[in-house]
């Protein structure tokens, strides 16, 4: 663990290679810039590994890396994205997030005030989600190697007794639900890169979703078959994974898909299909038909689910695929995005 090392603070305003050298300058960066953002300004001794008190039960574990460009965008930044992305991976599995690790790869020349803004965002997001950052690492790479900052996280959480999310439990007749509009994050990032401006500004949906997942699992239990946050590859990638892994057809209704008009305009201008675009504040759920309406009502009672909708259903098949029933009643196959057409957005 490298977060806590004694030393005196150098007055430089930019990250230098020496900040990653393991000496006094690195100690100053960790002790006086990084740790206080997660410890209410107090120096905390953090070892090479954290010791956690956890209740009896099943422990969930996840890891992720974040390389978004630009570092700051309307609705968030790379720091908020890192915390939310890790919390959400635990949440959709039915786990209550407990603790995160945080590893920073900093580029030589990065302004220290930029790093401090990112760290503040990390601290605020983690505090709001009631999750602790308990261990981590700091490295510095040569200028031109890291787009300013790369972040790696890992997270642990306790699996709820009533949570049982798996592809095997998905059956014909089940309903497909989502808690709000699609493609907001990806189109915000891409529009900002392209310099597109609209009368209604695009805003990323980046947020922590654990309250929505806990709500459904607590109220509906085993009737919730599966949950996933459709990030890279969007709905298309996630639902194709569902279809192939569960051996079913998934039918989407285009008229039921919640879409922000400005987001759709941006996608049309840039030539993207919103089904392929990343989300960072959306839960895709598959639930038994008898609880689908209740699930939608539960989500709509929460600020993050006010535009929740039932967007499709599962049917039996010998050749699993995802189909979109279009606005005019036609059908088209929704394929998994190849990858090259998807820009780096998380």
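Computed from the coordinates by the stated procedures, all read-outs in this text should not be read as laboratory data. Keep in mind that this is a model prediction, so the values were computed, not measured. For neighbour counting, all protein chains shown are included, and Cβ atoms are generated from backbone atoms with ideal geometry for every residue, glycine included.
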Taking 0.36 nm per intervening residue step and subtracting the Cα-Cα distance, what contour gain separates residue 301 from residue 222 on full extension? 26.3 nm
Considering the chain as a Gaussian network with a 10 Å cut-off on Cα pairs, which listed residue, 150, 73, 198, attains the greatest mean-square fluctuation? 198
Estimated FRET transfer efficiency when R0 is 45 angstrom, pair residue 32-residue 65 (beta carbons, to 0.05): 0.95
Quote the FRET efficiency, to the nearest 0.05, computed for residue 120 versus residue 321 with a Förster distance R0 of 41 Å and r equal to the Cβ-Cβ distance. 0.35
List the relative contact order of the chain as a percent without decimals, with contacts defined as Cα pairs under 8 Å and 6+ residues apart. 21
Rounded to the nearest 500 deg cm²/dmol, what is the calculated helix-only ellipticity per residue at 222 nm for the chain, with -39500 (n - 2.57) per DSSP H run of length n ≥ 4? -8000 deg cm²/dmol
Say each of residue 18 and residue 143 gets a label point 7 Å from the Cα, pointing the same way as Cα to Cβ; how far apart are those two points in nm? 1.6
Taking the chain as the reference, fit the longest principal axis to its C-alpha atoms, fit the long axis of helix 78-92 to the helix C-alpha atoms, and give the angle between the two in degrees, 0 to 90, nearest 10. 50
Where does each of 321-333, 267-279, 177-189 land if you order them by average Cβ count within 10 Å, highest first? 177-189, 267-279, 321-333
May I ask you to compute the full-extension gain from residue 332 to residue 269, defined as 0.36 nm times their residue separation minus their alpha-carbon distance, rounded to one decimal in nm? 20.5 nm
Quick check: from the Cα gyration tensor, does segment 235-328 come out rounded (a/c under 1.5), prolate or oblate? oblate
For the chain, what proportion of DSSP beta bridges, expressed in % and rounded to the nearest 5, is antiparallel? 75
Give me the percent relative contact order of segment 167-333, please, defined on Cα pairs under 8 angstrom at least 6 residues apart. 44
Between residue 54 and residue 171, what FRET efficiency comes out of the Förster formula 1/(1 + (r/R0)^6) with R0 = 35 Å and r the beta carbon distance, rounded to 0.05? 0.60
Any chance you could check the Cα centroid distance between segment 277-306 and segment 170-245 for me, in angstrom? 9
Could you work out the relative contact order of segment 166-258, using alpha carbon pairs under 8 angstrom and six or more residues apart, expressed as a whole percent? 44
In degrees, nearest 10, range 0 to 90: what is the angle between the Cα axis of helix 234-246 and the longest Cα principal axis of the chain? 60
Specify the angular offset, from 0 to 90 degrees and rounded to the nearest 10, of the alpha carbon long axis of helix 261-270 from the longest principal axis of the alpha carbons in the chain. 80
